[in-house]
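Undergrad: My questions will all concern the structure given below.
The values are calculated or read from the model by the stated rules, or taken from the named source; none is laboratory data. The structure presented is a predicted model; accordingly, all values stated were derived computationally and were not measured. In this analysis, Cβ positions are derived from the backbone assuming ideal geometry, glycine residues included, and neighbour counts consider all displayed protein chains.
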């Protein structure tokens, strides 16, 4: 059923030339060894060879193909989905739950899948830009003048905020495996991810070093040496003066997402903004860019992940276009700066 639904959604797209169907992971591998494809959309639950094993096998002989996982929304599926993301999947789409209307389900699949395909394909993004441009002679707007730089080597932070989306799980896993165990500056993480998945995501990051990582709850007091993940479908904000407290809400989506990095950054108390390290990592869209501009005006230190190490350069690219950042780094460099700023030995 899902194979036919996905095929129906993709067939109407001008940029998609051919589609093949496979009933399980083993069949898919045979097809991919004989033909060249740009994308493979892989269901987690399949007979013979499931999605986890299929993705591991595909990555052994094909490092280039983009892999998108279709996953049910339950705890077991969330664990498996994170495993596929760690082992080479580029992104995932949670299956539509609760709807019995075929047209609604098809619309959901199309709305979730097509933007991911375009964000993971530079060629398709370029075609979209060309289509939207009214004239072939129209000039591309220049990058905004760079904001004054904040030197990171002498920067003292009381809070570290990280925003990420597509490509975030594997990128954050790599980042946290490079962080020192004595980081004492609290870390707030906004990862665009549905409920249940953020619970498993926090559990995964919690295993990588001695920094405690939890899914945040409403009213939670922020403590040193801890990292807090915004729960799926909730905006995470910060309140308080002497003791900072996490507050959650389900107000309208910002940049089409909830949780939103913009919402978190906007909530940071004015006194704390000049002592906040704000990091924008791989992700689709522009979430965070608007409030990063305000963070820079308040002398926050802003890092963005470089294009080469991003799965999708949408979020960091939007900040780069505005010029409101201090340093563009790969994952190792971001870890180095967080270690320098956040460790006990420095404070």
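Undergrad: For residue 6, indicate whether it is in the same structural domain as residue 95 (by TED's automatic domain parsing), surrounded by fewer than 18 Cβ atoms within 10 Å (Cβ to Cβ) and over 29 Å from residue 207 (Cα atoms).
TA: Here the answer is no, as residue 6 does not meet what is asked.
Undergrad: Could you tell me whether any residue of segment 37-52 is in contact with a strand residue (DSSP E or B) (Cβ under 6 Å, 6 or more places away or on another chain), part of a helix (DSSP H, G or I) and in the same structural domain as residue 109 (by TED's automatic domain parsing)?
TA: Looking through segment 37-52, at least one residue is in contact with a strand residue (DSSP E or B) (Cβ under 6 Å, 6 or more places away or on another chain), part of a helix (DSSP H, G or I) and in the same structural domain as residue 109 (by TED's automatic domain parsing).
Undergrad: Is it true that residue 245 is free of Cβ contacts under 8 Å to residues at least 60 places away in the same chain, under 24 Å from residue 210 (Cα atoms) and touching a helix residue (DSSP H, G or I) at 6+ places or on another chain (Cβ under 6 Å)?
TA: No.
Undergrad: Residues in segment 112-157 that are modelled with pLDDT of 50 or more and surrounded by 14 or more Cβ atoms within 10 Å (Cβ to Cβ): how many?
TA: Here the count works out to 15.
Undergrad: Something else about it: Restricting to segment 307-347, give me the number of residues that are in contact with a helix residue (DSSP H, G or I) (Cβ under 8 Å, 6 or more places away or on another chain), surrounded by fewer than 18 Cβ atoms within 10 Å (Cβ to Cβ) and assigned to a loop (DSSP other than H, G, I, E, B).
TA: 1
Undergrad: Answer yes or no as to whether residue 304 is crowded, with 16+ Cβ neighbours inside 10 Å, touching a strand residue (DSSP E or B) at 6+ places or on another chain (Cβ under 8 Å) and not in a strand (DSSP E or B).
TA: No.
Undergrad: When only residues in segment 60-91 that are part of a helix (DSSP H, G or I) and touching a strand residue (DSSP E or B) at 6+ places or on another chain (Cβ under 8 Å) count, which is nearest to residue 175 (Cα to Cα)?
TA: 85
Undergrad: Hey, does segment 207-223 have a residue that's on the phi < 0 side of the Ramachandran plot, part of a helix (DSSP H, G or I) and modelled with pLDDT under 95?
TA: Among the residues of segment 207-223, not one is on the phi < 0 side of the Ramachandran plot, part of a helix (DSSP H, G or I) and modelled with pLDDT under 95, which makes the answer no.
Undergrad: Tell me yes or no: at least one residue of segment 292-300 is within 15 Å of the chain's Cα centre (by Cα), within 21 Å of residue 184 (Cβ to Cβ) and in contact (Cβ under 8 Å) with a residue 60 or more places away in the chain.
TA: No, every residue in segment 292-300 fails to be within 15 Å of the chain's Cα centre (by Cα), within 21 Å of residue 184 (Cβ to Cβ) and in contact (Cβ under 8 Å) with a residue 60 or more places away in the chain.
Undergrad: Follow-up question, since we're still on this one. Tell me which of these residue 268 doesn't satisfy, since it passes every other one: (1) over 20 Å from the mean Cα position of the chain (by Cα); (2) under 26 Å from residue 193 (Cα atoms); (3) without any contact (Cβ under 8 Å) to a residue 40 or more places away in the chain.
TA: So residue 268 meets the others, but not (3).
Undergrad: A further question follows. Please give the number of the condition residue 232 fails out of (1) closer than 20 Å to residue 171 by Cβ; (2) part of a loop (DSSP other than H, G, I, E, B); (3) in contact with a helix residue (DSSP H, G or I) (Cβ under 6 Å, 6 or more places away or on another chain); (4) in contact (Cβ under 8 Å) with a residue 40 or more places away in the chain.
TA: Going through (1) closer than 20 Å to residue 171 by Cβ; (2) part of a loop (DSSP other than H, G, I, E, B); (3) in contact with a helix residue (DSSP H, G or I) (Cβ under 6 Å, 6 or more places away or on another chain); (4) in contact (Cβ under 8 Å) with a residue 40 or more places away in the chain one by one, residue 232 breaks only (4).
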